[in-house]
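**Q** Structure provided below as structure tokens; questions to follow.
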Amino acid sequence: MSVLLPFLKPRPRLRLEGREVYLRPPRPGDHRAWATLRAKSRPFLEPWEPTWPEHDLTRAAFRARLSAYARELELGEAYPFFIFRRADDALVGAVRLFHVRRGVAQTGSVGYWIGQPFTRQGHMRDAVEVVIRFAFKGLGLHRLEAACMPENQASAALLLKCGFLEEGYAPAYLKINGGWRDHRLFGMVAPE
């Protein structure tokens, strides 16, 4: 009798549709495309992300990531998605709805990254708008939050275009690329 690893358990297919992209949770077969895109985009991504572990792009690290994602999905705490360009099914990046809190909060946070070859083509805006719709209409959340470093003008502009409002500033908010970095804070409340 074989035992399925947690991230291989059969579950309903979750797929969200945008204008030019579609989103779905990562799968084991995505490793090569993910690792290739992340490696190619590393100098572009590293300034904005936590320090990459030494073996971050290995198949074993990817399996561990998928296992963690499966646990979060199972508990309803996070919804990780890879972003694919509809025209050719190319993996262009990822967006994640995480820190989903129920009860009196009904809120979650949005984070994302895009591969350098796919920047400034509208894919991330499309994907974030899809996740906003999923969070409010699909999950019934009341509020979303996001943050970016002050010098990440592209990310701040994206959040504003997607309907987030800038709400504040948090000194030493997250440890990014080896150092505690300030962040601009953004929020959005579900439309009435």
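The values are calculated or read from the model by the stated rules, or taken from the named source; none is laboratory data. Just so it is clear, the structure is predicted and the values come from calculations on it, not from any experiment. Cβ coordinates were reconstructed from backbone atoms using ideal geometry, including for glycine residues, and neighbour counts include every protein chain displayed. Note: areas computed on protein heavy atoms with side chains; ligands, DNA, RNA excluded. Shrake-Rupley method; radii C 1.70, N 1.55, O 1.52, S 1.80 Å.
**Q** Failed condition for ALA146, given (1) touching a helix residue (DSSP H, G or I) at 6+ places or on another chain (Cβ under 9 Å); (2) in contact (Cβ under 8 Å) with a residue 60 or more places away in the chain, with all others met?
**A** (2)
**Q** List pairs: first in the stretch 62-74 and within 14 Å of ARG96 (Cβ to Cβ), second β-branched (Val, Ile, Thr) and not in a helix (DSSP H, G or I), Cβ under 9 Å, 6+ apart or cross-chain?
**A** These pairs meet every condition: GLU72/VAL100.
**Q** From the set of residues in the stretch 49-75 that are among the hydrophobic types (A, V, I, L, M, F, W, C) and within 20 Å of GLY108 (Cβ to Cβ), which is farthest from the chain's Cα centre (by Cα)?
**A** LEU75
**Q** Sticking with this structure for a sec: Between a residue in the stretch 175-192 that is closer than 19 Å to VAL131 by Cβ and at pLDDT 95 or above and any residue that is open to solvent by 50 Å² or more (accessible area, probe 1.4 Å) and in a loop (DSSP other than H, G, I, E, B), which pairs come within a Cβ distance under 6 Å, given they are 6 or more apart or on different chains?
**A** ALA190/HIS142
**Q** Restricting to the stretch 137-159, count the residues that are in a helix (DSSP H, G or I), closer than 12 Å to VAL110 by Cβ and in contact with a strand residue (DSSP E or B) (Cβ under 8 Å, 6 or more places away or on another chain). Please lay out each step first, then the result.
**A** Just the residues of the stretch 137-159 that are in a helix (DSSP H, G or I), to begin with: 137-138, 153-159.
Narrowing further to those that are closer than 12 Å to VAL110 by Cβ: 155, 158-159.
Next, from what is left, pick out any that are in contact with a strand residue (DSSP E or B) (Cβ under 8 Å, 6 or more places away or on another chain): 155, 159.
Number satisfying all stated conditions: 2.
**Q** Still on this structure, I have one more. Can you tell me how many residues within the stretch 5-14 are in a loop (DSSP other than H, G, I, E, B) and either open to solvent by less than 70 Å² (accessible area, probe 1.4 Å) or modelled with pLDDT of 95 or more (or both)?
**A** 1
**Q** Another question, then. If I go through the stretch 160-192 residue by residue, how many of them are aromatic (Phe, Trp, Tyr) and part of a loop (DSSP other than H, G, I, E, B)?
**A** The total comes to 1.
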